[in-house]
Amino acid sequence: MLKIYGEIFVHKDKIISGIFISLVLILFLLFMTHKTPEKRYVLLSFDVEPVDGELAVMDVLDVIYRTNTSATFFVTGEYAAEYPHMVKLMSGREIASHGYTHRKLTELDKISIEGELKSTRQLLKDLSGQEIIGFRAPYNIIDRRTLDILDDAGYSYDASMIGSWGFLYPEVPTTLGEIPVSSIFGIPLEDVVWLYYLRSPALYFSILKGKETEIESFLFHPHHIAQHKHQFEEFINYLKGHDVIFISHRGLTELDHGGL
Ligand SMILES: [Zn+2]
């Protein structure tokens with residue numbers, strides 16, 4: 001019996017040693033292949049819709065302006081019509097279009113899509129004094145028709161797509177840039193998923209802090225972020241302490257990155 005136990009013990013020991021050596025090798029390979037990029041750009045964007053109201057947007061602006069951080073606000077025409085003074089308050093940062101009524105554009109005909117985009121763009125321009133060059137589709141759902149309309153209208157970029165979900169989206173016209181929302185293991189790094197459905201603010205902000213690729217684009221909604229205002233500000237200050245460059249979507253398109 002002793003011999004058997006002895007053999008089993010030796011066998012187990014070999015397995016444990018094998019697993020340990022494999023883990024060390026995997027960690028070593030990960031360490032050798034992981035490269036922290038020289039520059040890390042982080043894009044903060046907020047989709048602003050009537051549900052966000054005034055107070056939540058004020059909370060976000062308070063953090064963004066106090067910490068002197070770049071950001072982009074994708075605003076719907078409906079929000080701008082209801083809260084024109086809020087668009088003026090946001091206009092210290094980039095203003096971009098999120099459509100007028102927040103309907104799924106894939107369910108609209110071409111004339112309706114053009115109407116949504118044109119009216120929103122003009123309203124946002126009048127209120128902010130900015131040329132509106134960026135667009136994000138409601139629900140991140142976009143088809144080639146809308147991309148072509150954006151391209152023909154002279155937009156510089158679309159920001160509707162979810163990184164790593166490329167197979168769901170049409171090809172982007174070559175003259176229009178695409179700035180996708182970052183994801184991790186295919187899960188979009190947008191607050192609705194992590195703060196509303198998963199209710200995991202600590203995990204969410206620690207993932208946002210730890211993402212270390214060259215360009216990261218995070219999507220927020222003021223009414224979700226305002227509930228975690230202090231963690232949001234702490235996350236921004238953490239990245240500022242780690243040499244991250246916050247940049248607007250417009251700013252990124254003006255950098256020479258050779259394609260986004
Ligand atoms: Zn939206």
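What follows draws every value from the coordinates through simple rules; no lab data is involved. Bear in mind that the values here come from a model prediction, so they are computed numbers and not experimental data. So basically every Cβ, Gly included, is an ideal-geometry build from the backbone, and we count neighbours across all protein chains shown.
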Excluding same-chain pairs closer than 8 in sequence, count the lysine pairs in the chain whose Cα atoms lie under 29 Å apart. 24
Degrees between helix 110-128 axis and first principal axis of the chain (Cα, 0 to 90, nearest 10): 80
Please list 3J(HN,Hα) in residue order for segment 138-151, calculated via the Karplus relation 6.51 cos²θ - 1.76 cosθ + 1.60 where θ = phi - 60°; whole Hz, with x for glycine and proline. x, 6, 6, 10, 9, 10, 5, 4, 5, 4, 5, 5, 4, 4
Given charges at Cβ of Lys, Arg, Asp, Glu: the chain dipole, positive-most of SER164, SER182, LEU198: LEU198
Candidates GLY210, GLY154, GLY77: whichever shows maximal mean-square fluctuation once the chain is modelled as a Gaussian network with Cα springs under 10 Å: GLY210
Computed [θ] at 222 nm, helices only, for the chain once each DSSP H run of length n ≥ 4 contributes -39500 (n - 2.57): -14000 deg cm²/dmol
Could you sort the peptides 195-202, 172-179, 132-139 by per-residue average Cβ neighbour count (10 Å cutoff), highest mean leading? 132-139, 172-179, 195-202
Give me the net charge of VAL172's neighbourhood, meaning all other residues with Cβ under 11 Å from the Cβ of VAL172; Lys, Arg count +1, Asp, Glu -1. -4
Evaluate the distance, in nm, between pseudo-label points positioned 7 Å from the Cα of VAL51 and of GLN227 along their respective Cα→Cβ axes. 1.1
Relative contact order as a percentage, segment 38-254, C-alpha pairs under 8 Å and 6+ apart, gives 30
